[in-house]
Amino acid sequence: MRNDRGAAAVFLAFLLFLLIGVAAISLDLARGWNERRLDQTAADLAAVAGALSYDTNQTTIAEQVMTSVSANLANPPGTADWTSCVGPPPPGFAPITHASLGRIDCIGINPSYLWVKLPDREVETTFAKVLGFESITTGADATVTLLSGSGSGALPFAIRGNSGSGEVCLDTGTGQVEEPCETNESGSFGNIAPPLFGNEALNTSPSCGNQSSANNYVPESIAMGIDHVLWSFDEAYWVASGWSPDANTANNTVRSNPNTQLDECIDTGGPVATPKDGVPINTVYVDTGNSTKADVTEGMMTGTGFPDGQDARLTRSSNTRRVHGFDLDNNALWKYLGTAASGTNPEDAHFIPECDGPTIRALPTIDERNEAMRLCLESYPTSGGPQIFSDAILQTPRIGVAPRLWHNNLGSGISFRPIKSFDLVFIHGLWFKQGGNTVPFFPDDGTSDFTQGTTPIEQVTAYLLIDEMVSDNVHTELGGFSNDSWIPEIYE
């Protein structure tokens, strides 16, 4: 009989070695899982950061994503890691292009979503090396969908590329035209005729099955805001296109540019247009040849029962004035101006004398208040200025967002025009026909009942605001298309 003495000790030693090995490897795995958790948090935050710049150029979005990742990881990926990231993005997304770094496959875009993937990261092991595992690879990705928060969205009016702050013309009909609209415009100026893509928040249904009837949805877009995402046509694309800001770019030229995505339905009956090579919708359908007085009047004043359950835009207010039998918002822009005097609340102390709210509100006539408001906007710094309007401006339906086009001259007729950026606008003047003249209705002019002329709105004017004039809260809450304007929701 063999002598088995000492076998138990050998077995126990082997078992102990195995247990220690498993425990050691578990520690390495735990480090890997912890790194994966940190990576996911960084990817989530980076996707949100990129989404808050979604209407700007692709370089800005990429830099926001990379900056956010660097701020939230102890050992973040470097520039080389991003540029060498293995792609491509998921189906339906196009890789983003940075002006100097080129294509980045780990950041993808389409008209409704932003996708971010962290470059693969290596966690060096300690104990697992004895088994041949030098490192553990981790990574994470996040997709942000862009949903309108309030439905106010972008207004279907185009702003010329060279328009400055102050009062601008949003729309004109036929007949006499008053300043700031130009008298040589024929028909409607700068009206945009967007289709409906279908938006659950607004209860709209797609109009893709009948694209030729896009003009039928101008009142809806005025009352509720355009129901889908628009984006700017990247500056690098514009320069590369060779288009002139004063040229009447032909539709066939626009269509042939691979970086443009026209605002038109492509999928019959589908909820959204199919992205062309992943390019977001950045080119709108502008109509400067036809009168749209009826559409503007319905969307601004007379319309009822729009898909979101509410009536015309300017009737959505608790402070109204009777105009042609309709109760329209009576809040003027100067109502929301802070004071130029020193104070504790930055919203009430902006130190720009021309923009002192109490002084402008105390002026006796509407003409004086209008002129003082124009002077305030013209005196405001073109960049880096302080916030001068309080967040209470969100209480009026007159505040909104409108696309600024690359073109200074929109020509005459129907055309597709690329979007340069998005501007905050405050709808100010409605002009009505009275005999051979047009008569304006301005909020806060002291008249109890405005019943002159006929009902159709002949002209719409607005104050063009600079982003810094309001807080980030206003941009976010608007649910439109300016900076920080979309509420991101993460889907991992």
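The values are calculated or read from the model by the stated rules, or taken from the named source; none is laboratory data. Quick caveat, the model's predicted, so the values are computed rather than measured. All Cβ positions, glycine included, derive from the backbone under ideal geometry; neighbour counts span all protein chains shown. Ligands, DNA and RNA are stripped out before the accessible areas are found, and what is left, the full protein with its side chains, is counted by its heavy atoms. Shrake-Rupley method; radii C 1.70, N 1.55, O 1.52, S 1.80 Å.
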remark   = Filtering segment 316-340 down to residues that are surrounded by fewer than 20 Cβ atoms within 10 Å (Cβ to Cβ) and more than 24 Å from D356 (Cβ to Cβ) yields R316, S317, S318, T320, R322, G325, F326, D327
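Yes or no, residue by residue, for (1) of a type outside the set (D, E); (2) farther than 30 Å from R321 by Cβ; (3) under 20 Å from the mean Cα position of the chain (by Cα); (4) in a strand (DSSP E or B):
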position: G411; (1), (2), (3), (4): yes, yes, no, no
position: R417; (1), (2), (3), (4): yes, yes, yes, yes
position: K420; (1), (2), (3), (4): yes, yes, yes, yes
position: I427; (1), (2), (3), (4): yes, no, yes, yes
position: L430; (1), (2), (3), (4): yes, no, no, yes
position: P443; (1), (2), (3), (4): yes, no, no, no
ask   = Is it the case that P364 is modelled with pLDDT of 90 or more, in a loop (DSSP other than H, G, I, E, B) and within 30 Å of I192 (Cα to Cα)?
value = no
query = If K129 satisfies every condition in (1) at pLDDT 75 or above; (2) in a helix (DSSP H, G or I) but one, which is the exception?
reply = (1)
request  = Give the residues of segment 215-224 that are open to solvent by 10 Å² or more (accessible area, probe 1.4 Å) and at pLDDT 80 or above, sorted by residue number.
outcome  = Y217, E220
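Okay, residues lined up against (1) over 30 Å from F450 (Cβ atoms); (2) aliphatic (A, V, I, L, M); (3) modelled with pLDDT under 80; (4) out of contact with any Leu (no Cβ under 9 Å at 6 or more places or on another chain):
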site: I226; (1), (2), (3), (4): no, yes, no, no
site: V229; (1), (2), (3), (4): yes, yes, yes, no
site: A240; (1), (2), (3), (4): yes, yes, no, yes
site: S244; (1), (2), (3), (4): yes, no, no, yes
site: A247; (1), (2), (3), (4): yes, yes, yes, yes
site: V254; (1), (2), (3), (4): yes, yes, no, no
site: D267; (1), (2), (3), (4): yes, no, yes, yes
site: T288; (1), (2), (3), (4): no, no, yes, no
site: S318; (1), (2), (3), (4): no, no, no, yes
query = Considering only segment 216-241, how many residues are within 12 Å of T260 (Cβ to Cβ) and touching a Ser or Thr at 6+ places or on another chain (Cβ under 7 Å)?
reply = 2
Top-ranked residue of segment 306-328 - restricted to ones that are small (G, A, S) and more than 26 Å from the chain's Cα centre (by Cα), ranked as nearest to I427 (Cα to Cα) = S318
Whichever residue in segment 439-475 is among the polar types (S, T, N, Q) and surrounded by 20 or more Cβ atoms within 10 Å (Cβ to Cβ) and, among such residues, is modelled with the lowest pLDDT = Q459
